[in-house]
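The values are calculated or read from the model by the stated rules, or taken from the named source; none is laboratory data. Here the structure is a predicted model, which is why all the values come from computation and not from measurement. Using ideal geometry, Cβ is built from the backbone for each residue, glycine included, and neighbour counts are taken over all protein chains shown.
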Amino acid sequence: MSIVFPRLGAFVVWIASLPVFAANVQLGTNVSDFEQFYNRGGGSVEHIQCIFDHLGYTPEIQRMPWRRARQEVSTGKIDGFFTAIHTPEVDKYATLSAPLLLENWYWYWAAGTEAPDQWRNGGIRVGAILGSHQAVWLDQQGYPVHMRINSLPQLIKLLLSGRIDAFIADRDHMRAAVEALGVDINQYQERFLRYMPLGVYFGDEFLTARPEFLKAFNRHIIECTESGFVMSALEQAELHSWLSPLLSEWQRTPGLVAALKAQNRHHTDLAQEALVQMDQAWQEAFREGAYGEVQSWLDQVLSDRLRALAVDADGRITEVILTDLKGLNVAVSDMTSDYWQGDEAKFQRAIALSAGQLNFEPVEYDESTRRFQVHVSQPVKDPDTGELLGMLIVGVDVDKALSRPH
């Protein structure tokens, strides 16, 4: 299952505004850093409140250090804590929900010094906020943390004074802190590290007594989502510089233009009712894993070529879909859950683009693989006439693509 993320919003305002009634769910959180830096718009207040409203529970939020929150969940004194990253140690007594929020982590280091991908094995002084998600992740990944301090502004001052060499922070938090401190952005460098999903750890004791709670909680995360997590302009530009020439090259794959022209001719008079019936038949075949008949609708030779192209991308491309003018699959690197892409935003938003332009969809999260994916679409046009022939759609592993060697 994939989840499209809401942006982080006025999170602490929501916490502070909760009424204090007899609690149905007791949750711990440490919100000191949130109060200073989470001032992005985007509807997180409504998103989180919507979830608990649907569940019929009233949450009671207690502020406490992370270590205490984990301890009290492990002993059953409280029911859960948030926001949280996946931690194997906590998995022993609690279960992490699907992601509620998403942070965008970057490495930061002083201008004119080494890039962080060379630092894991060196004597590099890495700083972190005491008890933060970044500190937990650095410990999990085996990075020695030289200094642990109380706030992001302190980290920035330590970096600029040369007392530490690097730290990790959420990009929006960093922007807000730098602006508040009046720091010149030319004094430091940054590089994308990863997206970090944040969820709620619910204690196993709480969940055992309510076996359907977590499933319903995760379902309402999706149902209550109104907007997706859209990559920043910088991240889109970074992916565009890599993908645009790559997809242009892929459009010259032998047989691709001929296959599109042939299917467009074949489907010229295809009625909408027949199209929907074909899509339903494909979806049923996908659910049952019986691909025999529907696979015959694809150009198998071209599908093999697209699959090889995806493999050559070293895991950065998760899938490749080529559709005709109606948005029906012509060739795919892997079987898709539906045959008709024409009713989806990744097709509709890209139809009017000019040659070479790309459409970026919101970032999605796959719970089973813990992988972030974004669908990127590019119109395919006749190289001789410029006539629109179809759509090339690729799934991109965002973490791998943005952290690739430069």
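At-a-glance table
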read-out	value
Condition check for GLY199: small (Gly, Ala, Ser) and modelled with pLDDT of 95 or more	no
Any hit, the range 196-217, residues being of a type in the set (A, V, I, L, M, F, W, C) and free of Cβ contacts under 8 Å to residues at least 40 places away in the same chain	yes
Every residue from the range 60-88 that is part of a strand (DSSP E or B) and among the aromatic types (Phe, Trp, Tyr)	PHE81, PHE82
Conditions (1) more than 29 Å from ASN218 (Cβ to Cβ); (2) touching a residue at least 12 places away in the same chain (Cβ under 8 Å); (3) charged (D, E, K, R): number failed by ARG349	(1)
Among (1) under 27 Å from ALA355 (Cα atoms); (2) of a type outside the set (Val, Ile, Thr); (3) modelled with pLDDT of 95 or more - the single one PHE206 does not satisfy	(1)
Filter result (more than 21 Å from HIS266 (Cα to Cα) and at pLDDT 95 or above) within the range 287-308	ASP304, ARG305, LEU306, ARG307, ALA308
Flag if ASP334 is modelled with pLDDT under 95, touching a helix residue (DSSP H, G or I) at 6+ places or on another chain (Cβ under 8 Å) and of a type in the set (D, E, K, R)	yes
So VAL257, is it surrounded by fewer than 18 Cβ atoms within 10 Å (Cβ to Cβ), of a type in the set (A, V, I, L, M) and in contact with a strand residue (DSSP E or B) (Cβ under 9 Å, 6 or more places away or on another chain)	no
Matching entry among ASP279, ASP269 (being acidic (Asp, Glu) and part of a loop (DSSP other than H, G, I, E, B))	ASP269
Conditions (1) out of contact with any strand residue (DSSP E or B) (no Cβ under 8 Å at 6 or more places or on another chain); (2) at negative phi; number of the one not met by TYR188	(1)
